[in-house]
Structures are given as C-alpha cells and as structure tokens.
Amino acid sequence: MKKTVLFLFALLLSLGCANAYASIELANTEICYTYSYDGTFPRIYFFADVINQGSQPASLSSQSSFSINDEAGNPLDKQTLRMIPVTLRPGEKGVVFAHLTTTLPDALSIKSYRYELQTAAFPWEYVSYPAELLSDTGESYIRLTNNSSDILWNPQAYIISRDANGMPVFVNTTLAYNTGIPSGQSLDFAMKLTPDLIDFLKKNDLAPVTHEAGGFTYR
Amino acid sequence: MKLKRTVFLLTVGLLCLFLASASAQTEISWSATADTMLSVGSGASARAYFAGTFHNESDIAVAPGSGLCTLIDESGNVLATVSAACFPPVIPPGGKGYIRAEYPLSGLPDPDSGVAGFSFSFEPYPFDALSYTEFSPDCTLDNENFNPLQGYPVTVTIENDGHAPMENFLCMVYLRSNADQKPLYITETVSFYNRIPSGGHVFTNCYIPRAVLELLKEEKTDYSAVALLFLPN
C-alpha cells in the first residue's frame with residue numbers, strides 16, 4: 001500500500017513538474033520557400049508562428065534547428081532556429097524563423113525539411129524598445145530609438161511581415177554588436193526586405209501586407 | 001620614300017611614348033614598415049601582436065589585399081608566417097594604411113628561440129572602383145570596465161554631421177606612441193553595416209587586450225588611443 005501511494009505521489013509530482021515546464025509548440029502551418037538575392041546560392045526561408053503552451057516563460061534552446069534533407073531524409077544543411085520575442089510568457093505567441101544560406105548549387109536536391117523546437121533550461125531576459133519601419137526605395141530599414149536614460153548597448157531590431165491570411169512570410173533580426181545608442185538617439189537597421197524579394201513573394205501568393213517592427217536588448 | 005620613312009619613324013616614336021606613358025601609369029610603388037611587436041603572456045597563452053604602416057608611394061590608388069607577416073630569428077631564419085591585414089582596404093595615392101597581425105607564440109617550432117624581427121609583405125594592385133574618406137573621431141579608453149572576453153573598451157563616438165545617413169563604414173582604434181607617433185597596437189576593424197541618421201550619433205567599442213595595456217604600463221610607454229573611421233565615398 002505504502003509503495004503504491006509513494007508511486008502515485010511520484011507520478012503526480014512528475015506530472016506536475018512537466019506541467020510547470022515551458023513548452024513551445026507550433027501554432028499554425030509553417031511557411032518555407034527558396035530565394036536567391038544575387039542568383040547564386042539559394043537561401044531557404046522558414047517561418048512559423050509558435051505558442052508557449054506551458055506555465056513558465058520559455059526561450060528556444062540552441063538545439064532548436066531547421067534542416068533541409070535529401071530524398072532519403074538525410075540532412076544536407078542545418079541552422080539554429082531563432083524566435084521573436086526571445087522569450088514567450090505562458091500562452092504568448094511568437095514566431096520562429098531560419099534563413100539557411102546553403103552552398104548546395106542545386107536547390108532541387110532539397111526534397112524535404114525538418115525543424116525541431118526545444119526549450120532552453122532558462123529563459124532569456126530582455127527589454128523591448130520602440131521601433132518604426134522606414135520605407136526606402138532600396139532595403140527596408142527599422143529605426144530603433146533609445147527612449148531610456150541609459151546607453152542602449154548591443155541593440156537588436158526585428159521585422160515580422162505577414163500576408164493577407166496573417167501568415168509570417170518574412171522575419172528578420174539584426175544585431176548592432178558592440179554598438180551603443182545614446183539616450184534620445186536612433187540607429188537604422190537594414191532588414192533585407194528588398195523590392196526584388198517583395199516581387200518574388202507577390203508572384204508566389206505570399207505578398208506581405210502588414211509589418212511589425214520592434215527592438216530589444218538582452219538584460 | 002623619304003616621307004614614308006618619316007611617317008614610319010614618327011608612328012614608332014609615338015607608339016613608344018604611349019607605351020611608356022601607360023606603363024608609368026600602372027607602376028605601383030609601395031613600402032611597409034614593421035613598427036611594433038608586443039609579446040604578451042607566457043606558455044600556452046603567449047601571443048605576439050604586430051603593428052605596421054603601409055605606404056602607397058604610387059600616383060594611383062592601390063588595394064594592398066591580403067598580406068603576410070614573416071617572423072625571423074636572430075640568424076634571419078624564418079620562424080613562421082601569419083596573415084596580415086591592412087586597413088583601409090584601398091589606399092589613395094600617397095596615402096597610408098595600418099597593418100595588423102597576431103600570432104600565438106606557442107605555435108613556434110622552438111618556443112625558446114624567440115622572435116628577433118618581423119616584416120610585412122603584400123601584393124598590392126591598382127584599384128580605383130572604391131575610395132574612402134578618413135576621419136578621426138573622439139574616443140576614450142575605459143580602464144575601468146574590463147570585458148573578460150574582449151579586453152578594455154575604447155569607446156568611439158561616431159557623429160553624423162552630414163545631410164545623408166551614414167553607413168557601411170569601417171572603424172578601428174590604435175594605440176600610438178607619444179614619443180615617435182608609431183602604432184603600438186592596432187585593434188580589429190569593426191564593419192558598421194547599420195545606418196546613423198543625419199544629425200545623430202552612436203558609440204562603438206573596439207577592444208584592447210588586458211595583457212597589451214599591462215605590458216605598456218610595465219615598459220612605461222606613453223601612448224594615446226586614436227580612432228579612425230573610413231567612410232566609402
């Protein structure tokens with residue numbers, strides 16, 4: 001009897017712990033396409049909305065990955081998945097993405113892809129800052145403004161572009177490493193959402209219609 | 001007959017003048033001074049930092065390209081060669097560039113032999129597709145905020161006083177001897193791909209290894225931190 005009670009207690013405890021774990025899962029169908037900026041090696045883009053189904057804040061671990069495979073399912077190339085925001089509160093939605101620039105000269109050899117979402121042991125802490133999208137004739141820029149009284153070191157800016165169905169069709173983030181934005185000053189980040197890429201997306205029924213811009217730094 | 005001969009000689013003469021002129025225009029003349037070697041650390045962490053100056057003595061712009069730093073012993077034997085980088089990547093006629101190299105001394109075949117001297121070598125080529133304007137912005141060496149991964153920061157203030165946004169430029173810092181103005185240590189170059197709006201300013205950090213500052217202090221060497229900005233025209 002005692003053993004049964006102990007076993008049930010251990011089972012309930014482990015279930016409780018599992019429930020307290022953070023869990024990042026896919027919230028919608030993913031989007032994957034291949035594009036080349038300069039007609040040489042292709043870049044494979046992968047975007048997907050995710051949600052934290054757990055009861056704790058969650059970040060992606062460095063083991064989270066996106067890979068492209070041959071017909072037999074063997075991985076040909078691989079990249080770590082990134083997420084915006086970098087940490088999701090319980091029930092919060094975010095987006096995961098990868099830009100895999102492959103050296104494979106023949107994009108047709110890419111028969112399938114695979115992704116793995118793994119939660120980090122400890123969530124990242126970050127601070128958000130306001131940003132605005134600047135539409136130029138060339139690349140799109142995000143302007144990040146430091147509205148705090150401190151210097152904003154190593155700032156990152158991001159863009160999330162969605163189509164008419166609300167699907168993420170382009171996501172990018174840029175880091176200004178070893179750079180500090182003084183209080184009240186701004187810095188523009190190139191987001192690589194070029195007119196050619198927008199034309200490509202329109203031709204493939206993935207025309208971006210909304211853009212979300214933001215900035216953050218890690219604590 | 002006489003006229004034909006005259007025309008022939010004139011043509012040959014003009015051709016020779018043209019070839020000589022063309023040859024003179026593409027002739028590259030350059031030199032590289034091996035200014036300073038700093039040996040820091042010991043054992044597995046022993047490292048040498050090399051600083052030098054590239055002089056473009058031609059009347060055309062040149063790209064030094066990737067260079068080499070050759071280490072020699074007291075007998076003049078080559079101990080090792082390591083890659084050397086020169087910034088900016090394009091040197092205007094009569095201009096100068098800053099050469100940087102580093103080497104883990106534990107990699108020497110005989111660590112006890114010691115490096116007695118060094119030299120730089122390049123294969124520069126004519127290049128006029130890109131040019132840079134050099135600026136010397138304000139900078140401050142922060143002796144208080146040591147970064148264990150990178151060293152002591154030199155914070156450079158980059159101001160955009162122009163009417164257009166400023167982007168795609170290079171930033172570097174070097175420690176200059178107050179006695180003879182030679183470069184003592186040159187940092188790695190920071191490539192700045194983001195854009196500073198017109199009228200705005202930001203900071204960027206270049207780092208000096210702790211061991212370098214400690215050595216200069218030990219040798220009582222007076223120096224100044226100098227920042228350089230290379231903005232493409």
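Residues in the stretch A:167-177 include at least one that is surrounded by fewer than 16 Cβ atoms within 10 Å (Cβ to Cβ), within 12 Å of chain B (Cβ to nearest Cβ), part of a strand (DSSP E or B) and under 19 Å from the mean Cα position of the chain (by Cα). The one condition from (1) surrounded by 12 or more Cβ atoms within 10 Å (Cβ to Cβ); (2) in a loop (DSSP other than H, G, I, E, B); (3) of a type in the set (Lys, Arg) that residue B:176 does not meet is (2). Of all residues in the stretch A:122-158, those satisfying the criterion of being more than 14 Å from chain B (Cβ to nearest Cβ), part of a strand (DSSP E or B) and not aromatic (Phe, Trp, Tyr) are A:127, A:128.
The residue list B:157, B:187 contains one member that is at pLDDT 95 or above and within 14 Å of chain A (Cβ to nearest Cβ), which is B:157. Screening the stretch B:57-142 for strands (runs of 3 or more DSSP E) wholly inside it with 1 or more residues that are of a type in the set (Asp, Glu), closer than 17 Å to residue B:47 by Cβ and under 16 Å from the mean Cα position of the chain (by Cα) returns the ranges B:96-104. Annotation note: of A:74, A:69, the sole residue that is in contact with a Phe, Trp or Tyr (Cβ under 8 Å, 6 or more places away or on another chain) and either among the basic types (Lys, Arg) or closer than 23 Å to residue A:103 by Cα (or both) is A:69.
Among the criteria (1) touching a residue at least 12 places away in the same chain (Cβ under 8 Å); (2) within 24 Å of residue B:224 (Cα to Cα), the one residue B:105 does not fulfil is (2). Residue B:172: within 14 Å of another protein chain (Cβ to nearest Cβ) and more than 20 Å from residue B:143 (Cα to Cα), yes or no? The answer is no for residue B:172. If you scan the stretch B:191-212, which residues turn out to be crowded, with 19+ Cβ neighbours inside 10 Å, free of Cβ contacts under 8 Å to residues at least 40 places away in the same chain and facing another protein chain (nearest Cβ under 7 Å)? Selection gives B:194, B:195, B:196, B:197. All conditions but one from (1) modelled with pLDDT of 95 or more; (2) within 27 Å of residue B:166 (Cα to Cα); (3) surrounded by fewer than 13 Cβ atoms within 10 Å (Cβ to Cβ) apply to residue B:121; the one that does not is (2). Taking first residues from the stretch B:220-233 that are touching a residue at least 12 places away in the same chain (Cβ under 8 Å) and partners that are surrounded by 13 or more Cβ atoms within 10 Å (Cβ to Cβ) and of a type in the set (Gly, Ala, Ser), the Cβ contacts under 8 Å between residues at least 6 apart in sequence or on separate chains come to B:221/B:177; B:222/B:177; B:223/B:177; B:232/B:131; B:233/B:131.
Could you tell me whether the stretch B:124-138 includes any residue that is small (Gly, Ala, Ser), at pLDDT 95 or above and more than 23 Å from residue B:209 (Cβ to Cβ)? No.
Residues in the stretch B:159-173 that are part of a strand (DSSP E or B) and within 19 Å of residue A:134 (Cα to Cα): B:166 alone. Scanning the stretch B:80-90 turns up one or more residues that are within 26 Å of residue B:221 (Cβ to Cβ), surrounded by fewer than 20 Cβ atoms within 10 Å (Cβ to Cβ), modelled with pLDDT under 95 and not polar (S, T, N, Q). Taking the numbered list (1) within 14 Å of chain A (Cβ to nearest Cβ); (2) out of contact with any Asp or Glu (no Cβ under 6 Å at 6 or more places or on another chain) in turn, residue B:226 passes all entries but (1).
Among the candidates A:62, A:23, the residue that is of a type in the set (Gly, Ala, Ser), at pLDDT 90 or above and under 17 Å from the mean Cα position of the chain (by Cα) is uniquely A:62. Please work out if residue A:207 is in contact with a helix residue (DSSP H, G or I) (Cβ under 7 Å, 6 or more places away or on another chain) and either of a type in the set (A, V, I, L, M) or in a strand (DSSP E or B) (or both). Answer is yes for this residue. Any residue in the stretch A:179-198 that is more than 7 Å from every other protein chain (Cβ to nearest Cβ) and aliphatic (A, V, I, L, M) sitting within a Cβ distance under 6 Å of a residue that is surrounded by 19 or more Cβ atoms within 10 Å (Cβ to Cβ) and not in a helix (DSSP H, G or I)? List the pairs, counting only those 6 or more apart or interchain. If the second residue must be surrounded by 19 or more Cβ atoms within 10 Å (Cβ to Cβ) and not in a helix (DSSP H, G or I), the pairs left are A:191/A:140; A:191/A:142; A:191/A:159; A:191/A:172; A:193/A:140; A:193/A:170.
Could you list all residues from the stretch A:178-204 that are more than 22 Å from the chain's Cα centre (by Cα) and in a strand (DSSP E or B)? A:179, A:180, A:181, A:186 - these are the residues of the stretch A:178-204 that are more than 22 Å from the chain's Cα centre (by Cα) and in a strand (DSSP E or B).
The values are calculated or read from the model by the stated rules, or taken from the named source; none is laboratory data. Just so you know, these numbers come straight off a predicted model, no measurement behind them. Every residue, glycine among them, receives a Cβ derived from its backbone with ideal geometry; neighbour counts consider all protein chains shown.
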